[in-house]
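The values are calculated or read from the model by the stated rules, or taken from the named source; none is laboratory data. Quick caveat, the model's predicted, so the values are computed rather than measured. Using ideal geometry, Cβ is built from the backbone for each residue, glycine included, and neighbour counts are taken over all protein chains shown.
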Amino acid sequence: MHGKKLRKTPGFEVFFSTNDDELLTNGANLTNEGKLYRDILRFFIENNFGIYFKARELTKWLLSNNYEFINAYTGFNDRTNMTNKIENRLERVTKCLNSLIEMDLLLHRGTKSTKGDSTTTEYALNGLGRLIGLFLESLTSSKKIEIYEKIFKIFELFFSDDPSSMDRFCLIYFKNLKEHGLFEEHIDNIKKFFFLSDLSWHDALKYLICFP
């Protein structure tokens, strides 16, 4: 691959951990941490690709969309104002964002703060992060056809970018799978290798292309 930096990405177990220390591929019985990581990716997936967001913006969204965060402010605790709610959860969310950067799923940059001359960090989903987010969403969503179409377009763009002979082969291969109605099944196999083996996602793709 010309100029494509793809390396083994550690830490994907955070998306599947349960209280029984088992790994799940569906969304059932996940730990709060597993749900939080999935919801963070969902936030970026639901917004325009490549748009940068601040941790505070994400935290505010999670307070209305993450089960644990919502339940933390029910009853008497619901009197807490939004500013304090965000402050109470911001450090934990930022730690998750930093972990996702280490997994090569997020981009980040410094930008001038709206208050004073200090700088703050903004985050955006990269191509690999979008792919992982869609993989995770496909495990539980009822809109699987739409999600698989988005995954196919990611592959199409990736393998068309400064293509090597292997890239061109991969593109033809995936197009043939799609034409014969086998793309979804193949992606399900890729997900198993990607999440539950020691292979990197790119190695998993190459392995499955040669799979009998």
Kindly establish whether residue 128 is within 25 Å of residue 16 (Cβ to Cβ), in contact with a Leu (Cβ under 7 Å, 6 or more places away or on another chain), buried (at least 18 other Cβ atoms within 10 Å of the Cβ) and not small (Gly, Ala, Ser). yes
Looking at residue 121 and the list (1) in contact with a Gly (Cβ under 7 Å, 6 or more places away or on another chain); (2) modelled with pLDDT under 90; (3) surrounded by 12 or more Cβ atoms within 10 Å (Cβ to Cβ), which single condition is not satisfied? (2)
Number of the condition not met by residue 86 [criteria: (1) within 15 Å of residue 56 (Cβ to Cβ); (2) crowded, with 17+ Cβ neighbours inside 10 Å; (3) in contact (Cβ under 8 Å) with a residue 40 or more places away in the chain]: (3)
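For residue 177, state whether it is of a type in the set (A, V, I, L, M, F, W, C) and crowded, with 17+ Cβ neighbours inside 10 Å.
Yes; evaluated as a whole, the condition is true for this residue.
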Matching residues, region 34-56, being among the aliphatic types (A, V, I, L, M) and farther than 21 Å from residue 67 by Cα: 51
Considering (1) under 30 Å from residue 188 (Cβ atoms); (2) polar (S, T, N, Q); (3) without any contact (Cβ under 8 Å) to a residue 12 or more places away in the chain; (4) part of a helix (DSSP H, G or I), say which one residue 98 fails and leave the rest. (1)
May I ask you to list pairs of residues, at least six apart or on different chains, whose Cβ atoms are under 9 Å apart, with the first in region 53-72 being in contact (Cβ under 8 Å) with a residue 24 or more places away in the chain and the second being assigned to a strand (DSSP E or B) and of a type in the set (Phe, Trp, Tyr)? 53/123; 54/123; 55/123; 58/123
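Name the single residue that is surrounded by the most Cβ atoms within 10 Å (Cβ to Cβ) among those in region 101-110 being under 18 Å from the mean Cα position of the chain (by Cα) and in a strand (DSSP E or B).
106
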Counted residues in region 111-165 being in contact (Cβ under 8 Å) with a residue 24 or more places away in the chain, among the small types (Gly, Ala, Ser) and either more than 23 Å from residue 183 (Cα to Cα) or part of a helix (DSSP H, G or I) (or both) come to 5
Which of the residues spanning region 55-80 are within 19 Å of residue 105 (Cα to Cα) and surrounded by 18 or more Cβ atoms within 10 Å (Cβ to Cβ)? 55, 58, 59, 62
Only residues that are out of contact with any Gly (no Cβ under 7 Å at 6 or more places or on another chain) and either surrounded by fewer than 17 Cβ atoms within 10 Å (Cβ to Cβ) or modelled with pLDDT of 90 or more (or both): list them for region 152-170, please. 152, 153, 156, 157, 160, 161, 163, 164, 165, 166, 168, 169
